């Protein structure tokens, strides 16, 4: 911020606030936010009656200023900015809601020049420390263990909701905070994020589970696909192709190279196999992977247009699924991080469609 002549960074409740201050707080109509100046002490603004709770998770030296129900948090934030006497723009973390930025700007004596602060935040968050990697390893260990348990419990007639309940219970009993689960059966497995049409397990069903948890704020994201009962040659072929796609993604991960090249390498392989080009269907309609950390999806992204150089400490999912609308889809997903010696998986790739876990 000092190098770029940025006066301060405005951060609302969410993962970025937790990352920089330790404060873990949900978003609501009552604003809790932090003003992080280029020099000087951080100021956290929160409702008066929430101040004791906010202080419980505060992990840095910061001043906590409150506002009462008949007062404006935006006046408090603007006052904190004025006190900095700093020249330069106000950077705003990208997920901060517009009304907070606009009302704070209106409350300022001189309307600040507002810029997007995502590059500043990303420069910190994209490279994980050893402590962060350790927490992500635990989260991935929990999720893969929960998936192993659920895989053994599947029976004919089960609905997606039945399987999801198993997944949630197993995750929480293993110590993780369940973040999400997608259970896609039969034709619904061709929709990367599911369908409203009810589905149940039957002979020959494709079962696709995409799930993740968090451990002390750090997340996992794992997908497994398999078949209940008899496996057709087409199902086996598709599964094997996706497994090879995962391997190619890891082989293409080279330090200093644009992360988008990983996506390009997988697409080249799929297109040589006859799958549709340019994110079309049938084929791979989404990116090969995404960054992950305190958010399930965060920069950089394994999409061919992302030119971010791959660095040690970056973490990603590896999920080059293939989808045939009206029939079925297969997604295999494991998370990995880059080291000076190459990519390292948090969980081993699935062995085969017969032994997906």
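Read the figures in this text as sums done on the coordinates, not as results from a lab. Quick caveat, the model's predicted, so the values are computed rather than measured. Positions of Cβ are backbone-derived with ideal geometry, glycine not excepted, and every protein chain shown enters the neighbour counts.
Brief remarks follow.
- For region 10-59, the relative contact order comes to 36 percent (Cα pairs under 8 Å, sequence separation of at least 6).
- Region 130-345: relative contact order in percent, alpha carbon pairs under 8 Å with at least 6 residues between: 20 percent
- Rounded if a/c under 1.5, otherwise prolate or oblate - region 8-125, Cα gyration tensor axes: rounded
- Take every DSSP beta bridge whose two residues both sit in the chain; close to 80 percent of them are antiparallel.
- The angle separating the long axis of helix 130-153 from the principal Cα axis of greatest extent in the chain is about 40 degrees.
- Under conditions of 20 °C and 1.002 mPa s, the chain yields 97 µm² s⁻¹ as its translational diffusion coefficient, taking Rh as the Kirkwood radius over Cα pairs in the Stokes-Einstein equation.
- Among 156-167, 329-340, 308-319, 278-289, the order from most to least packed when residues are scored by Cβ within 10 Å on average: 329-340, 308-319, 278-289, 156-167
- Normalised contact order of region 8-125, rounded percent, pairs of Cα under 8 Å and 6 or more residues apart: 25 percent
- The chain: angle of helix 233-251 to the longest principal axis, Cα-based, in degrees nearest 10: 40 degrees
- For the pair region 222-243 / region 107-178, the C-alpha centres are spaced 25 Å from each other.
- Gap separating the Cα centres of region 325-342 and region 27-66, nearest whole Å: 38 Å
- Peptides 206-217, 131-142 ranked from most to least packed give 206-217, 131-142, packing being the mean of other C-beta atoms within 10 angstrom over each peptide's residues.
- Estimated [θ] at 222 nm from DSSP helical runs (n ≥ 4, -39500 (n - 2.57)) normalised by residues in the chain, nearest 500: -10000 deg cm²/dmol
- Sorted ascending by nearby beta carbons within 10 Å, beginning with the fewest, 21, 268, 32, 241 become 268, 241, 21, 32.
- Compared with the dominant Cα axis of the chain, that is its longest principal axis, helix 260-272 is turned about 20°.
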